[in-house]
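Note sheet for the following structure.
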Amino acid sequence: MMRYTRSSQLFAEAQTVLPGGVNSPVRAFKGVGGTPVFMERAKGAYLYDADGHQYLDYINSWGPMILGHAHPEVTEAIISQVEKGTSFGTPTELETEIARLVVENVPGIEKIRFVNSGTEACMSAVRLARGFTGRDKIVKFAGCYHGHADVFLIQAGSGAATFGVPNSPGVTQATAKNTILADFNDLNGVREIFAQYGDEIAAVILEPVAGNMGCVPPLDGFLQGLRDVCHAHGALLIFDEVMTGFRLAAGGAQQLFEVNADIVTYGKVIGGGMPVGAFAARAEIMDQLAPAGPVYQAGTLSGNPVAMRAGLTTLELLFKDVKAFERLEENTISLAEEISHILSKKGIVHTINQVGSMMSVFFSEKTITDFETAKSANNPTFNRFFHHMLQEGVYLPPSSFETWFISMAVQQEEIEKTLQAVEKFEG
């Protein structure tokens with residue numbers, strides 16, 4: 001049995017100087033119980049903790065490490081850039097190079113701005129949408145997470161077409177009144193909202209494949225329906241592709257589902273493991289941003305050269321491998337099908353959602369299509385599954401509401417290791 005003596009010591013020390021002992025809440029294992037594992041290094045498909053244990057990694061830094069950890073070409077590119085300087089506060093040619101690469105590969109966008117996180121990208125996208133349309137209200141979906149900006153920390157009001165209320169202290173009622181909450185995959189609900197507030201809505205924002213209630217794909221016609229209703233009412237459609245961008249396809253979910261958004265946000269893969277976010281749109285919209293236009297947005301470290309080099313190298317490696325996304329999907333499908341086969345053989349009730357190299361195991365007999373069905377899954381069973389897999393050397397997201405991310409470093413050997421661990425689970 002694995003023991004976490006050093007991790008326990010480190011967690012106790014961390015709690016004296018960090019709120020909750022972590023710098024992002026899900027890392028604290030609150031959702032699954034127990035002491036969080038402190039990692040020291042990573043390579044390929046594996047993490048190594050402070051107590052010397054090895055884990056097959058299905059978090060991959062929550063998505064960015066699509067090539068695997070410490071990829072030699074990305075690492076070499078970062079070191080080379082660091083030797084030239086870590087930050088200049090001036091324009092660099094690198095920013096134009098990665099911008100051009102993104103614009104050439106993603107449908108429907110002409111210009112992009114780089115920021116430092118997915119939260120900043122989504123926050124800025126909403127401001128841009130409001131500035132472009134001259135409207136105040138946005139529609140978001142229960143269970144979709146777009147970072148921790150005030151406008152997104154909203155929970156449901158008293159009905160489907162009512163304004164939200166704050167779900168975190170510090171978020172004001174004034175902010176909440178401009179956010180309307182809808183149910184994911186409920187197109188009729190969105191139509192009702194637009195029938196009531198259509199000329200006040202600046203934008204609809206969503207994860208085209210939800211990853212923050214577990215992996216939940218859009219139902220057939222849902223994304224196109226949103227595209228149509230936004231167009232009919234003069235609102236903008238924002239795809240939060242912080243997770244799906246450059247993971248599901250070179251052009252992300254827009255390419256995969258053949259539906260173009262007006263504004264797209266990015267993070268994770270676009271930074272190659274460094275802190276990077278971005279938002280992009282056609283020139284007509286992006287040229288509203290300062291200094292070209294009146295909508296203000298700025299950042300001291302935006303376009304940081306080390307982050308740009310890491311992201312550029314990662315995207316170049318992905319795009320030149322024409323079978324990369326196909327192989328990722330094939331491995332993920334194989335993993336999902338084999339896990340399902342084993343759990344079914346054991347009589348363990350479950351359902352698995354999978355899109356590209358994203359997947360989630362829900363211990364539920366229901367089809368998981370939205371936040372309500374995701375919440376109805378058996379979380380105590382998931383918590384036991386998580387800790388069982390951890391003891392077997394397989395690191396899963398420490399929450400039933402987070403998606404798994406499969407990297408290119410996961411090959412048949414790693415899939416077999418995972419399946420052997422699942423075989424030992426008794427439910």
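Name the single residue that is least open to solvent (accessible area, probe 1.4 Å) among those in region 272-304 being in contact with a Gly (Cβ under 7 Å, 6 or more places away or on another chain) and not in a loop (DSSP other than H, G, I, E, B). The selected residue is Gly277.
Quick one: in region 50-75, which of the residues that are touching a helix residue (DSSP H, G or I) at 6+ places or on another chain (Cβ under 8 Å) and among the acidic types (Asp, Glu) is farthest from Ala14 (Cα to Cα)? Filtering region 50-75 for residues that are touching a helix residue (DSSP H, G or I) at 6+ places or on another chain (Cβ under 8 Å) and among the acidic types (Asp, Glu), the one farthest from Ala14 (Cα to Cα) comes out as Glu73. Reported count of residues in region 177-206, each being open to solvent by 10 Å² or more (accessible area, probe 1.4 Å), touching a helix residue (DSSP H, G or I) at 6+ places or on another chain (Cβ under 8 Å) and on the phi < 0 side of the Ramachandran plot, is 5. Taken together, Val394, Val361 contain a single residue that is of a type outside the set (Phe, Trp, Tyr) and within 19 Å of the chain's Cα centre (by Cα), which is Val361. Among the candidates Ser360, Ser364, Ser376, the residue that is among the hydroxyl-bearing types (Ser, Thr, Tyr) and under 30 Å from Leu67 (Cα atoms) is uniquely Ser360.
For Val171, the conditions (1) farther than 26 Å from Asn23 by Cβ; (2) at pLDDT below 95; (3) part of a loop (DSSP other than H, G, I, E, B) are fulfilled apart from (1). Residue check: Ser400 meets all listed conditions (1) over 18 Å from the mean Cα position of the chain (by Cα); (2) in a loop (DSSP other than H, G, I, E, B) but one, namely (1).
Rundown of residues vs (1) open to solvent by less than 10 Å² (accessible area, probe 1.4 Å); (2) out of contact with any His (no Cβ under 7 Å at 6 or more places or on another chain); (3) at pLDDT 95 or above; (4) not hydroxyl-bearing (Ser, Thr, Tyr), yes/no style:
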residue: Glu120; (1), (2), (3), (4): no, yes, yes, yes
residue: Tyr145; (1), (2), (3), (4): no, yes, no, no
residue: Leu153; (1), (2), (3), (4): no, yes, no, yes
residue: Ala156; (1), (2), (3), (4): no, yes, no, yes
residue: Gly159; (1), (2), (3), (4): no, yes, no, yes
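Is there a residue being closer than 27 Å to Pro25 by Cβ and out of contact with any Leu (no Cβ under 7 Å at 6 or more places or on another chain) anywhere in region 312-320? No, because not a single residue in region 312-320 is closer than 27 Å to Pro25 by Cβ and out of contact with any Leu (no Cβ under 7 Å at 6 or more places or on another chain). Do we find a residue being in a loop (DSSP other than H, G, I, E, B), crowded, with 20+ Cβ neighbours inside 10 Å and touching a Ser or Thr at 6+ places or on another chain (Cβ under 6 Å) anywhere in region 70-84? Checked region 70-84: no residue is in a loop (DSSP other than H, G, I, E, B), crowded, with 20+ Cβ neighbours inside 10 Å and touching a Ser or Thr at 6+ places or on another chain (Cβ under 6 Å).
On the stretch given as region 355-397, residues that are more than 21 Å from Trp62 (Cα to Cα), open to solvent by less than 20 Å² (accessible area, probe 1.4 Å) and not in a loop (DSSP other than H, G, I, E, B) total 1. From the list Ala28, Ala99, Ala42, the lone residue that is without any contact (Cβ under 8 Å) to a residue 12 or more places away in the chain and surrounded by 16 or more Cβ atoms within 10 Å (Cβ to Cβ) is Ala28. Summed over region 208-254, the residues that are farther than 28 Å from Thr314 by Cβ, open to solvent by 10 Å² or more (accessible area, probe 1.4 Å) and assigned to a loop (DSSP other than H, G, I, E, B) give a count of 4.
The values are calculated or read from the model by the stated rules, or taken from the named source; none is laboratory data. Small disclaimer: the values here were computed from a predicted structure and weren't measured. Heads up, the Cβs are rebuilt from the backbone with ideal geometry, glycines too, and the neighbour counts pull from every protein chain shown. Quick note on the areas: whole protein, heavy atoms, side chains included, nothing else; ligands and nucleic acids left out. Shrake-Rupley method; radii C 1.70, N 1.55, O 1.52, S 1.80 Å.
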